[in-house]
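S.K.: This structure is in structure tokens; I'll ask about it shortly.
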Amino acid sequence: MPMTRLLNAIAIAAMFVVLNGCLEQFDPAPTNKMFHAEYDQSKKVPENLSATGELPTPAVAVPIDQKFATFCASCHGPKGGGDGPAGVALDPKPRILSDKTWQASANDERIYSVIKNGGPSVGLAATMAPWGGVLNDAEIKEMIAFIRSL
């Protein structure tokens, strides 16, 4: 019995030595020179930044309905009915954007603030995330027009 424990201890110690040697040989830095060159290039500031530091608008614009599907539909539903799959678990439930009564009562400035700065910016639920870091001002205005069309 004592011999078995000794052999187990030696086996475990040997395993740690082998693993430690493997870890010391692992270099997380890439060794491919081409990759290094690409990595170094990616750290550079793009030359086509505007005076405000913004990148130019991409040549292929994403339609607003696709942006709605990407950023809004998971909670508000694909047609703004408040029935998105992620919205099921939220409390309070997501706004029904297609509700004509709500649309008549909400002004564009308030909707703009909610989209850009999130629900808490106008006293609504914190579960309404701010999208101002993803959508620029023109896109938010376009989103409001899309919401009004629902």
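No value in this document is a laboratory result; all are computed from the given coordinates. Since this is a predicted model, take the numbers as computed values, not measurements. Positions of Cβ are backbone-derived with ideal geometry, glycine not excepted, and every protein chain shown enters the neighbour counts.
S.K.: What shape does the stretch 64-148 have by the C-alpha gyration tensor, where a ≥ b ≥ c are the square roots of the eigenvalues, rounded means a/c under 1.5, and otherwise prolate means a/b greater than b/c and oblate the rest? It would help to have the intermediate numbers written out before the result.
M.R.: Details: a/c = 1.20, a/b = 1.16, b/c = 1.03.
It is rounded, given that a/c, with a ≥ b ≥ c, falls under 1.5.
S.K.: Between Gly84 and residues 5 or more places away or on another chain, which pairs have amide H atoms under 5 Å apart, with H built 1.01 Å from N, and which residues are they?
M.R.: Those lying under 5 Å, H to H, from Gly84 are His76, Gly77.
S.K.: Extending each Cα 7 Å along its Cβ direction at Ser74 and Val134, get the distance between those two points in nm, one decimal.
M.R.: 0.7
S.K.: Report the calculated FRET efficiency for Glu109 and Val60 (r = Cβ-Cβ distance, R0 = 22 Å), to the nearest 0.05.
M.R.: On the way: r = 30 Å, r/R0 = 1.38.
For R0 = 22 Å, the calculated efficiency reads 0.15.
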